[in-house]
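Following: one structure in structure tokens, then a few remarks.
The values are calculated or read from the model by the stated rules, or taken from the named source; none is laboratory data. Note that the coordinates shown come from a computational prediction; the quantities given were computed from them, not determined experimentally. Counting neighbours? That spans all protein chains shown, and the Cβs are built from the backbone with ideal geometry, glycine included.
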Amino acid sequence: MIIETIAFYLFAFITIASAVMVISSKNPVHSVLFLILAFFNSAGLFILMGAEFLAMILIVVYVGAVAVLFLFVVMMLDVNFAELRAGFLQYLPIGGLIGLILLIELIFILSAWVLAPEAETVARAPVPGGDISNTDALGRLIYTDYAYLFQAAGLILLVAMIGAIVLTLRERVGVRKQKIADQIARKREEAVAVRKVGTGEGI
Amino acid sequence: MTSTDLIVALPEIFLAVMGMALLMVGVFARGNPSRLVNYLAVISFAIAGILAVATFDGSQSAFGGLFRVDSFGLFMKLLVLLGSALTLIVSQDFIEREQMARFEYGVLFVFATLGMMMMISAGDLISLYLGLELQSLCLYVIAAFRRDTARSSEAGLKYFVLGALSSGLFLYGASMVYGFAGTTSFAGLATEFAGEGGPAVGLIVGIVFIAAALAFKVSAVPFHMWTPDVYEGAPTPVTAFFAVAPKIAAIALFTRVLIEPFGDLVAQWQQIIVVTSILSMALGAFAALVQTNIKRLMAYSSIGHVGYALVGLAAGSQDGVRGLIVYMSIYLAMNVGTFACILCMRVNGRAVEGIRDLAGLSKTNPMMALVLAIFMFSMAGIPPLAGFFGKLFVFQAALEAELYTLAVIGVLTSVVAAFYYLRIIKLMYFDDPVEKLDRPIGRDMVVVLGATGLFTTLFFVFPALILDPAAQAARSLFAG
């Protein structure tokens with residue numbers, strides 16, 4: 001129990017600290033790296049909650065794909081972040097005021113918030129049945145009860161792929177590609193012409 | 001999941017498989033397979049329609065309530081399939097002329113239509129959202145299909161950004177509703193709200209968000225800002241498609257969401273619908289007066305038409321929904337016809353979009369002028385053309401529901417709107433041509449124009465053809 005508590009505070013602290021670093025570090029590449037650290041620690045939090053599937057997905061999808069994509073974008077687009085940051089102090093008072101108002105409103109709402117009595121037990125049970133793992137339970141739902149939605153989501157991804165190809169693929173004309181089959185199939189007669197050239201005439 | 005589930009969803013499964021098969025045809029066929037793929041897509045729409053009718057067996061739920069089939073859904077699906085097929089037929093010549101004939105066009109139409117059918121058949125907020133996204137994603141791509149022109153790309157990007165915003169609104173509202181009701185299925189929500197005295201405030205907030213997102217999809221004021229720009233920027237056949245099939249699907253979805261799960265909360269959403277309806281009718285009438293581009297004009301006109309259709313929904317009664325269904329059927333015919341005429345507007349092989357370009361059409365192409373005049377009179381709501389009956393039924397329902405202000409404002413705005421429809425007729429018949437429009441128009445066009453024109457003119461002879469199924473469809477929505 002004590003190890004779990006320590007692990008929770010460790011993961012939570014690193015998540016928040018690296019989230020702060022994401023928005024405060026000067027170098028955008030460092031920001032993305034801190035974002036990855038935040039993702040890893042959130043995944044740790046998910047594992048503590050017994051949601052190992054979400055943890056794995058978080059790492060595979062967000063670290064593996066999204067963060068790497070961010071890294072590419074940050075490196076490829078030459079955005080001048082120092083310029084974007086200019087005037088930070090100038091806008092601090094108004095931004096801080098709006099943030100403060102939002103915070104007060106949130107406190108008002110949360111102080112009147114009443115959780116349903118059964119909410120705590122429902123939230124604690126990661127698996128409806130009990131003796132099967134989280135991933136197993138999700139898989140059973142997705143491929144049986146929600147097969148229709150699963151297929152629909154697949155179609156949406158297919159359309160996204162078609163769309164990306166339709167809007168960006170260009171067949172460039174005038175590009176000289178090497179066609180090895182053509183090169184090999186070439187005969188001597190197609191390549192070399194023998195001419196008799198008379199003296200002092202040229203072709 | 002059982003085999004009956006698969007049979008209930010057979011039209012959708014067929015379209016999904018055909019979409020993927022057409023993709024393969026497009027990739028492996030020799031030459032430019034655009035025409036082949038488009039014709040196969042039209043045939044698939046026809047077969048899907050036949051399957052939908054053949055497998056229909058009363059109101060049924062499938063996949064544990066995620067998917068729902070009833071007369072209302074069937075009727076709306078047939079309208080959507082018809083709209084998609086007709087716009088795809090009239091597209092062909094245009095996309096070939098404008099060098100945008102790539103086979104993905106037809107494939108995206110198939111997937112968009114599939115998304116619309118899934119929206120119409122949704123029995124759960126999750127399946128609704130997935131259908132909506134499938135449809136929207138296809139539409140964003142089709143809007144930007146002419147990627148080399150700045151305006152088409154701009155239209156696609158604008159539609160995408162604002163569409164993503166509305167999806168966000170929808171998800172936020174849906175999560176609120178789920179948080180307060182504990183279920184996302186329409187049947188579950190309906191029983192949840194049936195007995196209670198007053199719904200929680202958070203629930204109303206959720207419904208407002210969902211209504212706002214759906215109002216965005218049907219482009220009702222005040223969520224219409226994207227419509228004129230997207231309609232003007234997108235290639236004309238795409239605009240024709242946008243104005244017809246997605247709009248009918250979104251209206252059907254709007255109706256189902258408000259009547260089925262939130263049917264017992266009429267008092268909560270009626271005022272929202274009344275206000276958006278009045279604003280849409282007014283904006284559709286007044287903003288269109290100053291337009292010079294005919295596609296922009298049609299965009300404002302479609303905003304106005306959505307306003308009239310929402311009058312039927314605002315009534316919240318079976319007659320109101322019947323009026324709405326009839327209105328959308330007639331709207332389909334009028335709009336497909338008008339856009340077919342717009343697609344025929346060419347000067348020296350170049351497509352033109354100015355309203356002035358129609359001047360003197362009665363002298364250069366009297367048949368087309370006559371058909372376009374019929375559509376304009378019908379849109380203005382002049383008896384005995386079909387458009388008059390569409391308006392008649394929704395206003396009748398509004399009067400029965402004692403929404404007198406709404407009905408009176410509706411009639412007044414339709415008088416204003418009549419001005420710009422009649423202006424087009426005046427241009428065609430009483431002004432001198434500046435530049436002659438090209439002739440001849442394609443054979444496909446003649447067939448589509450003839451069919452929609454005849455329907456619009458002769459609706460009053462056989463109104464029962466639409467009225468009876470529409471009444472049955474409305475009944476099925478209120479029974480379940």
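Brief remarks on what is shown
- Residues of region B:226-265 satisfying the condition of being outside any helix (DSSP H, G or I) and either of a type in the set (Phe, Trp, Tyr) or at positive phi (or both): B:262
- Residue match in region B:358-380 (condition: at pLDDT 90 or above, under 20 Å from residue B:97 (Cα atoms) and out of contact with any Phe, Trp or Tyr (no Cβ under 7 Å at 6 or more places or on another chain)): no
- Of all residues assigned to region A:145-160, at least one qualifies as being in contact with an Asp or Glu (Cβ under 7 Å, 6 or more places away or on another chain) and at the interface with another protein chain (Cβ under 9 Å from one of its Cβ atoms).
- Residue within region B:48-57 that is free of Cβ contacts under 8 Å to residues at least 24 places away in the same chain and part of a helix (DSSP H, G or I) present: yes
- Sole residue being in contact (Cβ under 8 Å) with a residue 24 or more places away in the chain and on the phi < 0 side of the Ramachandran plot, chosen from A:144, A:135: A:135
- Remark: pairs (first residue in region B:399-426, over 30 Å from residue B:359 (Cα atoms); second residue assigned to a loop (DSSP other than H, G, I, E, B); Cβ separation under 9 Å; 6+ apart in sequence or on different chains) = B:400/B:317; B:401/B:316; B:401/B:317.
- Count of region B:92-124 residues which are away from chain A (no Cβ under 11 Å) and assigned to a helix (DSSP H, G or I): 12
- Verdict on residue B:291 being out of contact with any Ser or Thr (no Cβ under 9 Å at 6 or more places or on another chain), modelled with pLDDT under 95 and over 26 Å from residue B:427 (Cβ atoms): no
- Filtered by the rule that a residue be in contact (Cβ under 8 Å) with a residue 24 or more places away in the chain and part of a loop (DSSP other than H, G, I, E, B), region B:175-193 gives a lone residue, B:184.
- Any hit, region B:10-32, residues being more than 23 Å from residue A:157 (Cα to Cα), crowded, with 18+ Cβ neighbours inside 10 Å and over 25 Å from the mean Cα position of the chain (by Cα): no
- Positions within region B:424-442 being surrounded by fewer than 15 Cβ atoms within 10 Å (Cβ to Cβ) and farther than 28 Å from residue B:95 by Cα, in sequence order: B:426, B:430, B:432
- Given (1) facing chain A (nearest Cβ under 10 Å); (2) part of a helix (DSSP H, G or I); (3) within 21 Å of residue B:44 (Cβ to Cβ); (4) not aromatic (Phe, Trp, Tyr), index of the condition residue B:89 fails: (1)
- The lone exception for residue B:43 - which of (1) within 25 Å of residue B:121 (Cα to Cα); (2) crowded, with 22+ Cβ neighbours inside 10 Å it fails: (2)
- For region B:198-225, the candidate set comprises residues that are modelled with pLDDT of 85 or more and assigned to a loop (DSSP other than H, G, I, E, B); within that set, the residue that is nearest to the chain's Cα centre (by Cα) is B:218.
- Residues satisfying the stated conditions in region B:157-181, i.e. touching a Gly at 6+ places or on another chain (Cβ under 8 Å), among the small types (Gly, Ala, Ser) and within 13 Å of chain A (Cβ to nearest Cβ): B:179, B:181
- Among the residues making up region B:138-152, those that are surrounded by fewer than 23 Cβ atoms within 10 Å (Cβ to Cβ), in contact (Cβ under 8 Å) with a residue 24 or more places away in the chain and not in a loop (DSSP other than H, G, I, E, B) are B:151, B:152.
- Pairs with Cβ under 9 Å, 6+ apart, first in region A:19-30 and within 16 Å of residue A:68 (Cα to Cα), second in a loop (DSSP other than H, G, I, E, B): A:28/A:79
- Residue within region B:67-82 that is in contact (Cβ under 8 Å) with a residue 60 or more places away in the chain, among the aromatic types (Phe, Trp, Tyr), within 10 Å of chain A (Cβ to nearest Cβ) and assigned to a loop (DSSP other than H, G, I, E, B) present: no
- Some residue of region B:279-290 being surrounded by fewer than 24 Cβ atoms within 10 Å (Cβ to Cβ), within 27 Å of residue B:206 (Cα to Cα) and touching a Leu at 6+ places or on another chain (Cβ under 7 Å): no
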